[in-house]
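Presented below is the structure to which this report refers.
Values quoted throughout were computed directly from the atomic coordinates according to the rules given, and no laboratory measurement underlies them. Quick caveat: nothing in here was measured; it's all calculated off a predicted structure. FYI the Cβ positions are ideal-geometry reconstructions off the backbone, even for glycines, and counts take in every protein chain you see.
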Amino acid sequence: MTKEKTILKKKDLIFILVWPIAAAILSLLIKANILVSIILFMAIPSVYLSIINRYAIKKAALFSIALSFPIGIIADHVMEQTGGWFLPYSAFGSFRILNFVTIEQIIWLFFYLYFIIMFYETFLEKECTCQPYLSKFKPLILISYAFLGLFVIFHFLKPELLKINYFYLKFGVIAVLIPVTLMLLKVPSLYAKLIRAGAYFFYFSFIYEITALRLGQWSFPAENQLIGYISLFGFRFPYEELIFWIILGGIATLVYYEFFDDDLS
């Protein structure tokens, strides 16, 4: 890497490190709704990274599209229905997918996944394999949308089956904790990169969480669906939120990305 590229990369990293604080301040000043905060916290840095690392756009976008729609609908539907979390308003009015899922939830998850992949490819990967690994990527798409198809069938024919108690805990253990643990044990060469990315997204997600709670963008009303709450700075959110999103969310995203759409190195 040339001296000029090294300096540029440091400047880019400084911007990405400072931006969550700027996004929080702007969100609070203008009393942003959830859609505006999505733009501030994730869309703007995503566009920035796309400009400086256009070679990773295709892989990051395809991966994010493949997962954001099915996971966003399934997770938000169950959590909204059981009261595990609640998004009180939407910029798109009263319309909700399958009666529960806001459009913002899909947009939020797309940019969250995309931002993580672009951060990883820009600052932690030595080389970008620009084309998706289709032999591994296609099964991810098929599995994701097969689950979504079954979920939609149950929504119309057996909706009572979708009222899953302690869904956040169960989903977090099965889809986040176990895959992360297995990947770190099986591919220790990824440990350093995943932990570095995880450290940044812990910092990012914590700032975003506190900002969203301050603005009332989401809440966690059903105490009987959560294992407990942590209180910080006058705000209260579930242990599941802390563990599975704030601490492990970035790492888990990259575990799936490495396994299904990258080279495991």
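Here are a few things to note about the model shown:
- In the elastic network of the chain, a GNM with C-alpha springs shorter than 10 Å, the most mobile of Glu104, Glu223, Glu121 is Glu223.
- Put in line by how crowded their Cβ is, counting other Cβ atoms within 10 Å and starting with the fewest, Tyr239, Tyr191, Tyr257 read Tyr191, Tyr239, Tyr257.
- Listed pairs Lys59/Lys126; Lys11/Lys58; Lys58/Lys136; Lys31/Lys170 exceeding 22 Å between Cα atoms: Lys11/Lys58; Lys31/Lys170
- A Gaussian network model of the chain, with springs between Cα atoms under 10 Å, assigns the largest mean-square fluctuation among Val78, Val187, Val255 to Val187.
- Working note: 222 nm ellipticity from helices only, DSSP H runs with n ≥ 4, each -39,500 (n - 2.57), summed and divided by the residues of the chain, gives -21000 deg cm²/dmol to the nearest 500.
- Highest-MSF residue in the chain out of Ser68, Ser46, Ser189 [GNM, Cα springs under 10 Å]: Ser189
- Once the C-beta distance of Ser231 and Tyr55 is scaled by a Förster radius of 51 Å, the resulting FRET efficiency is 0.70 to the nearest 0.05.
- The chain gives an Rg/Rh value of 0.95, both radii derived from C-alpha positions and Rh following Kirkwood.
- To the nearest ten degrees, helix 103-123 and the longest principal axis of the Cα atoms of the chain are 20 degrees apart.
- Additional length obtainable on full extension of the chain from Phe86 to Tyr166, 0.36 nm per residue less Cα span: 27.3 nm
- The stretch between Ala192 and Ile103 holds 28.5 nm of extra length on full extension. This uses 0.36 nm per residue minus the Cα-Cα distance.
- Pairs of Cα atoms nearer than 8 Å and 6+ residues apart set the relative contact order; for segment 3-261 it is 27 percent.
- Within segment 198-234, chymotrypsin sites (Phe, Trp or Tyr not before Pro) in DSSP loop having at most 14 other beta-carbon neighbours inside 10 Å: Phe233
- Counted residue by residue at 0.36 nm each, then reduced by the alpha carbon distance between them, the extension gain from Lys31 to Ser94 reaches 20.6 nm.
- Calculated FRET efficiency for the pair Glu125/Asn224, C-beta based, R₀ 41 Å, to 0.05: 0.45
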